[in-house]
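Everything below concerns the one structure shown next.
The values are calculated or read from the model by the stated rules, or taken from the named source; none is laboratory data. Small disclaimer: the values here were computed from a predicted structure and weren't measured. Quick reminder, even Gly has a Cβ in these numbers, built from the backbone with ideal geometry, and neighbours come from all protein chains shown. The area values use the complete protein model at the heavy-atom level, side chains included, leaving out ligands, DNA and RNA. Shrake-Rupley method; radii C 1.70, N 1.55, O 1.52, S 1.80 Å.
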Amino acid sequence: MYLNQSPVIPKTTFPIVIIGAGGIVRDAHLPAYKIAGFQVAGIYDVTPHKAKLLAETFGLEQAVFDFLDLLIRKARETGAVFDLAVPADQTLEILKRLPDGSAVLIQKPMGENLKEAREIMDLCRKKSLVAAVNFQLRHAPFILAAKDLINQGLIGKVFDIEFKVGVYTPWELWGFLKNKPRLEILYHSIHYVDVVRDFLGDPFSVYASTIKHPNTNVLGASRSTIVLDYGELRQARILTNHGHDYGSKHQESYLKIEGTEGAIKIQIGVSFDYPKGRSSKFEYYSKKVSEKDWQEVPLIGDWFPHAFIGPMASLQNNLNKPLAAFPNSVDDAFQTMRLVEKLYESNEQGGLVFK
Ligand SMILES: NC(=O)c1ccc[n+]([C@@H]2O[C@H](COP(=O)([O-])OP(=O)(O)OC[C@H]3O[C@@H](n4cnc5c(N)ncnc54)[C@H](O)[C@@H]3O)[C@@H](O)[C@H]2O)c1
């Protein structure tokens with residue numbers, strides 16, 4: 001069966017200037033832009049040798065800038081869009097320095113809490129920035145395939161969504177996460193929350209519990225149980241445990257979507273043995289097709305790097321035609337941040353006391 005797995009690439013593309021030259025730019029932004037044919041006109045990092053090293057790896061030596069002001073000037077001259085990939089606590093200060101009216105893609109999360117998300121949204125409005133947030137899982141080939149299958153009516157009406165993750169995540173790769181009060185939901189499950197919103201919209205009510213691992217004292221909570229309720233019949237659950245340090249045999253990472261006429265099961269490969277990963281896998285079961293068993297659809301790409309094409313394409317499509325749907329807009333991302341804030345609120349309220 002053919003299922004669409006690609007985002008709409010803009011007919012006219014804009015050059016990109018990148019701020020922050022860390023792991024995610026190396027592993028996902030630059031490889032994705034290469035696949036999509038987006039031109040990178042500049043890279044800047046507050047630690048200049050990191051930008052240089054990265055540029056060398058991707059043959060972009062001419063695009064390195066040692067000062068943010070020079071990168072901004074380059075963007076002005078070339079009509080480039082900005083691509084921010086810095087720790088969340090740096091976002092606001094960098095946005096303040098961008099020229100009014102710029103187009104900018106901001107790495108998730110949108111600030112470290114709802115207060116910061118609101119400040120980012122207000123600043124984007126004040127400066128008339130055309131701004132999007134990089135919630136890219138919505139654009140992963142397996143998510144686009146699931147949307148296509150659902151839109152064709154092949155699994156009926158969706159009433160249950162479950163993300164389950166039981167892996168060992170080496171959080172020490174991200175030094176800036178040490179001693180942060182919020183970890184798992186804000187930095188990882190936020191992708192799943194955003195995807196559930198993309199499929200089902202905003203929930204009516206939520207419950208959440210997020211808890212630390214006994215073997216670490218410098219990290220925030222890394223195991224979460226999240227329930228998003230949509231009235232009497234529809235529910236989404238997100239269950240994560242990033243401390244499964246017992247070999248690869250029983251690691252789990254999947255998304256399961258159940259509908260009245262069938263179901264979809266996706267193995268999400270990137271989270272296994274991070275950052276090595278495994279391949280993702282897409283299977284579906286439909287009572288509406290002749291083969292009454294699970295069928296596999298080959299994937300043309302994965303979360304890393306292919307999903308990273310989507311948010312940049314979405315931003316550039318919006319620049320070309322501002323009335324087009326703008327799924328990663330700052331306003332939509334703010335709703336995901338509101339939902340994340342509610343989850344932390346629910347966690348703080350705690351469960352009903354039993355003893
Ligand atoms: N799937 C995803 O969307 C995904 C995955 C990983 C990380 N991220 C996000 O991407 C961002 C960066 O993560 P990373 O893994 O690349 O981290 P990293 O630590 O590898 O890189 C961050 C880079 O930003 C640079 N930097 C810091 N402050 C800066 C400033 N003011 N100006 C310019 N450069 C600055 C650092 O020198 C560093 O090179 C974080 O917000 C993280 O949450 C997103």
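If we scan the stretch 316-325, do we find a residue that is under 16 Å from Val195 (Cα atoms) and open to solvent by less than 50 Å² (accessible area, probe 1.4 Å)?
No: the stretch 316-325 contains no residue that is under 16 Å from Val195 (Cα atoms) and open to solvent by less than 50 Å² (accessible area, probe 1.4 Å).
Kindly indicate whether any position in the stretch 264-280 is under 27 Å from Lys157 (Cα atoms) and of a type in the set (Lys, Arg). Yes. Inspect all residues belonging to the stretch 182-190 and state whether any of them is within 11 Å of the ligand (Cβ to nearest atom), open to solvent by less than 30 Å² (accessible area, probe 1.4 Å) and of a type in the set (S, T, N, Q). Within the stretch 182-190, not a single residue is within 11 Å of the ligand (Cβ to nearest atom), open to solvent by less than 30 Å² (accessible area, probe 1.4 Å) and of a type in the set (S, T, N, Q). Within the stretch 166-173, is even one residue open to solvent by 50 Å² or more (accessible area, probe 1.4 Å) and at pLDDT 95 or above? The answer is yes, given that some residue of the stretch 166-173 is open to solvent by 50 Å² or more (accessible area, probe 1.4 Å) and at pLDDT 95 or above.
Go through the stretch 332-355 residue by residue and tally those that are under 30 Å from Ala36 (Cα atoms) and out of contact with any strand residue (DSSP E or B) (no Cβ under 9 Å at 6 or more places or on another chain). Even if it seems obvious, please write down each step before you answer.
Step one: of the stretch 332-355, the residues under 30 Å from Ala36 (Cα atoms) are 332-337.
Retained after the next criterion (residues that are out of contact with any strand residue (DSSP E or B) (no Cβ under 9 Å at 6 or more places or on another chain)): 335.
Here the count works out to 1.
For first residues located in the stretch 129-148 and in contact (Cβ under 8 Å) with a residue 24 or more places away in the chain, partners that are more than 11 Å from the ligand (Cβ to nearest atom) and of a type in the set (Asp, Glu) and lie 6+ apart or on another chain with Cβ distances below 6 Å form the pairs Arg138/Asp198. For the stretch 120-132, filtered to residues that are within 13 Å of Ser102 (Cβ to Cβ) and within 16 Å of the ligand (Cβ to nearest atom), the residue that is farthest from the chain's Cα centre (by Cα) is Leu123. Each residue in the stretch 245-257 was checked for being surrounded by fewer than 19 Cβ atoms within 10 Å (Cβ to Cβ) and either within 19 Å of Ile226 (Cα to Cα) or hydrophobic (A, V, I, L, M, F, W, C) (or both), and 3 pass.
I need the full set of residues from the stretch 51-89 which are among the charged types (D, E, K, R) and surrounded by 19 or more Cβ atoms within 10 Å (Cβ to Cβ), in order please.
First, the residues of the stretch 51-89 that are among the charged types (D, E, K, R): 52, 56, 61, 66, 69, 73-74, 76-77, 83, 89.
Scanning the stretch 51-89 gives a single hit, Asp83.
Among the residues of the stretch 284-306, those identified as under 30 Å from Ile24 (Cα atoms) and surrounded by 13 or more Cβ atoms within 10 Å (Cβ to Cβ) are Val297, Leu299, Ile300, Gly301, Asp302, Trp303, Phe304, Pro305, His306. Regarding Ile211, is this residue open to solvent by less than 10 Å² (accessible area, probe 1.4 Å) and among the β-branched types (Val, Ile, Thr)? Judged against the criteria, Ile211 is not a match.
Scanning the stretch 222-239 for residues that are under 15 Å from Leu183 (Cα atoms), free of Cβ contacts under 8 Å to residues at least 60 places away in the same chain and of a type outside the set (Ser, Thr, Tyr) returns a single hit, Arg223.
Going by what's in this entry, would Ser224 be described as surrounded by fewer than 18 Cβ atoms within 10 Å (Cβ to Cβ) and not aliphatic (A, V, I, L, M)? No; evaluated as a whole, the condition is false for this residue. Is the stretch 240-262 home to any residue that is away from the ligand (no atom under 16 Å from the Cβ), touching a residue at least 24 places away in the same chain (Cβ under 8 Å) and under 28 Å from Glu116 (Cα atoms)? Checked the stretch 240-262: at least one residue is away from the ligand (no atom under 16 Å from the Cβ), touching a residue at least 24 places away in the same chain (Cβ under 8 Å) and under 28 Å from Glu116 (Cα atoms).
Every listed requirement among (1) open to solvent by 40 Å² or more (accessible area, probe 1.4 Å); (2) part of a strand (DSSP E or B); (3) of a type in the set (A, V, I, L, M, F, W, C) is met by Ile238 save one, (1).
When the stretch 133-178 is examined, which residues are found to be part of a loop (DSSP other than H, G, I, E, B), within 15 Å of the ligand (Cβ to nearest atom) and more than 16 Å from Gln267 (Cβ to Cβ)? Listed by number, the residues that qualify are Asn134, Phe135, Thr169, Pro170, Trp174, Lys178.
Evaluating Asp198 against the criteria (1) within 15 Å of the chain's Cα centre (by Cα); (2) open to solvent by less than 30 Å² (accessible area, probe 1.4 Å) leaves one unmet condition, (2). Exactly one residue out of Ile43, Ile35, Ile143 is of a type in the set (A, V, I, L, M, F, W, C), more than 30 Å from Tyr344 (Cα to Cα) and open to solvent by less than 30 Å² (accessible area, probe 1.4 Å), and it is Ile43.
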